[in-house]
Amino acid sequence: MTVKEYNKVVGLYSDNVFRFILKNIRDEEKAKDIVQDSFVKLWQKAEEVEYEKAKSYLFTTAYRTMIDLIRRDKKQGKWDEVSEQSYSHQKQYTGLNEVLQDALAKLSEIQRSVVMLRDYEGYEYSEIGKITGLSLSQVKVYIFRARKVLKDYLVSVEAVI
């Protein structure tokens, strides 16, 4: 990949990768770091990665970097993580976006990632498998189960009230 092609890839995909990562980890600073790390890795492998495969390489790298970060954070834990919202409950409608965010939070990391890649980013099942390292049948199962959880949660009365 040439410098010109790399710059074109940055312009085309940086926002998409950022949105995908941000939707999964909901921390803007960490999402920016992951995206930057992904582009650094792409630059380091620019001679090996073909321009046509740069998008897939970028999303795969970003996804794996995000998973590594999530695993590292789970092991470390955070002292300032507890907020008032985590131990209080509000019994009023907070808006559709909040309901959707709550629904996505009910999913496991892998389910959230495959659903976001499929339904938000528009990837095919086979592409999702390449990005996540899952088989085609695993991708389909995770998406099916995630959609079932989302449907059950979004149809429930508690989610609307």
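Residue by residue through segment 109-127, note down the ones that are loosely packed, with under 14 Cβ neighbours inside 10 Å and closer than 15 Å to Lys151 by Cα.
Across segment 109-127, the qualifying residue is only Asp119.
So if I check each of Lys151, Lys140, which one is of a type in the set (Lys, Arg) and modelled with pLDDT of 90 or more?
After applying the criteria, what remains is Lys140.
Looking only at segment 87-122, count how many residues are modelled with pLDDT under 55 and in a helix (DSSP H, G or I).
1
Looking at segment 99-141 only, could you name the residues that are among the aromatic types (Phe, Trp, Tyr) and within 14 Å of the chain's Cα centre (by Cα)?
Across segment 99-141, the qualifying residues are Tyr120, Tyr123.
When you look at Tyr13, is it surrounded by 18 or more Cβ atoms within 10 Å (Cβ to Cβ), under 25 Å from Leu107 (Cβ atoms) and under 18 Å from the mean Cα position of the chain (by Cα), yes or no?
Against the criterion (surrounded by 18 or more Cβ atoms within 10 Å (Cβ to Cβ), under 25 Å from Leu107 (Cβ atoms) and under 18 Å from the mean Cα position of the chain (by Cα)), Tyr13 qualifies.
Filter segment 23-41 down to the residues that are in contact with a helix residue (DSSP H, G or I) (Cβ under 6 Å, 6 or more places away or on another chain) and over 18 Å from Arg72 (Cβ atoms) and list them by number.
Within segment 23-41, just Lys23 meets the criteria.
The values are calculated or read from the model by the stated rules, or taken from the named source; none is laboratory data. Just so it is clear, the structure is predicted and the values come from calculations on it, not from any experiment. Ideal geometry is used to build each Cβ from the backbone, glycine not excepted, and the neighbour counts take in all protein chains shown.
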